[in-house]
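Here is the structure we will look at, set down as structure tokens.
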């Protein structure tokens, strides 16, 4: 009985998150309120509030739901489990190239609203903290294997890679300039190899 109730709760939560994702992509951030999400998910407002206390909670959960939908955790695990730090760095850039196109629509909606809405800002900061944590794991591994270029600390290299692998870089080069994902990933790998990776491994594969 408890299992059945838990499964029903999970299904309801998934309906809410899918509705929120769909509405955000269709209407933009300011066109979506909790009441609209409840109607889209065919549930009552009270039921929605049993799952999410605020729009901030819903936004953060929607981004995590999208990660699960596109397979972000699995993709990143594969990158982090590469045999060497260099391979992990290359795989992480490839992972970024796979994930970003699938989350871009939501990311740009939240980013556009973050300056004027606390819920959007909370969701954005949660996303950025997650991404920076993932990057730092790769950089720490480079350091541990003696491959971090002289003059870079783990934190500074993390900041650099985190900024380079941002939604803005993807937007400018792929969306605005029409780069293919293959070119995008290849050039990012080259830039990173030539800036933060110690010689003589400063070469593109």
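The values are calculated or read from the model by the stated rules, or taken from the named source; none is laboratory data. Remember, predicted model here, so these are calculated numbers, not experimental data. Every residue, glycine as well, gets a Cβ built from its backbone with ideal geometry; the counts of neighbours run over all protein chains shown.
State whether one or more residues within the range 174-188 are touching a strand residue (DSSP E or B) at 6+ places or on another chain (Cβ under 8 Å) and either in the same structural domain as residue 97 (by TED's automatic domain parsing) or farther than 17 Å from residue 95 by Cα (or both). So far as the range 174-188 goes, no, none of its residues is touching a strand residue (DSSP E or B) at 6+ places or on another chain (Cβ under 8 Å) and either in the same structural domain as residue 97 (by TED's automatic domain parsing) or farther than 17 Å from residue 95 by Cα (or both). For residue 157, indicate whether it is within 28 Å of residue 68 (Cα to Cα) and either touching a residue at least 24 places away in the same chain (Cβ under 8 Å) or buried (at least 17 other Cβ atoms within 10 Å of the Cβ) (or both). For residue 157, the condition - within 28 Å of residue 68 (Cα to Cα) and either touching a residue at least 24 places away in the same chain (Cβ under 8 Å) or buried (at least 17 other Cβ atoms within 10 Å of the Cβ) (or both) - is met. Mind counting the residues in the range 150-164 that are in contact with a helix residue (DSSP H, G or I) (Cβ under 7 Å, 6 or more places away or on another chain) and within 23 Å of residue 83 (Cβ to Cβ)? Selection size over the range 150-164: 4. Determine, yes or no, whether residue 37 is at pLDDT below 85 and in a helix (DSSP H, G or I). No: the conditions fail for residue 37. Could you tell me whether any residue of the range 123-143 is part of a helix (DSSP H, G or I), more than 26 Å from residue 195 (Cβ to Cβ) and out of contact with any helix residue (DSSP H, G or I) (no Cβ under 8 Å at 6 or more places or on another chain)? Yes; the residues of the range 123-143 include at least one that is part of a helix (DSSP H, G or I), more than 26 Å from residue 195 (Cβ to Cβ) and out of contact with any helix residue (DSSP H, G or I) (no Cβ under 8 Å at 6 or more places or on another chain). With 167, 135 as the choices, which residue is under 25 Å from residue 82 (Cα atoms), modelled with pLDDT under 95 and crowded, with 19+ Cβ neighbours inside 10 Å? 167 is the lone residue from the list that is under 25 Å from residue 82 (Cα atoms), modelled with pLDDT under 95 and crowded, with 19+ Cβ neighbours inside 10 Å.
Conditions tested, residue by residue: (1) at pLDDT 95 or above; (2) at positive phi; (3) crowded, with 19+ Cβ neighbours inside 10 Å.
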site: 74; (1), (2), (3): no, no, no
site: 77; (1), (2), (3): no, no, no
site: 109; (1), (2), (3): no, no, yes
site: 130; (1), (2), (3): no, no, no
site: 143; (1), (2), (3): yes, no, no
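Does the range 39-58 include one or more residues that are within 25 Å of residue 178 (Cα to Cα), surrounded by 16 or more Cβ atoms within 10 Å (Cβ to Cβ), touching a helix residue (DSSP H, G or I) at 6+ places or on another chain (Cβ under 9 Å) and in contact (Cβ under 8 Å) with a residue 12 or more places away in the chain? Looking for residues that are within 25 Å of residue 178 (Cα to Cα), surrounded by 16 or more Cβ atoms within 10 Å (Cβ to Cβ), touching a helix residue (DSSP H, G or I) at 6+ places or on another chain (Cβ under 9 Å) and in contact (Cβ under 8 Å) with a residue 12 or more places away in the chain, one finds none in the range 39-58, hence no. If you check 82, 19, 61, which single one turns out to be more than 17 Å from the chain's Cα centre (by Cα) and assigned to a helix (DSSP H, G or I)? From the options 82, 19, 61, the qualifying one is 19.
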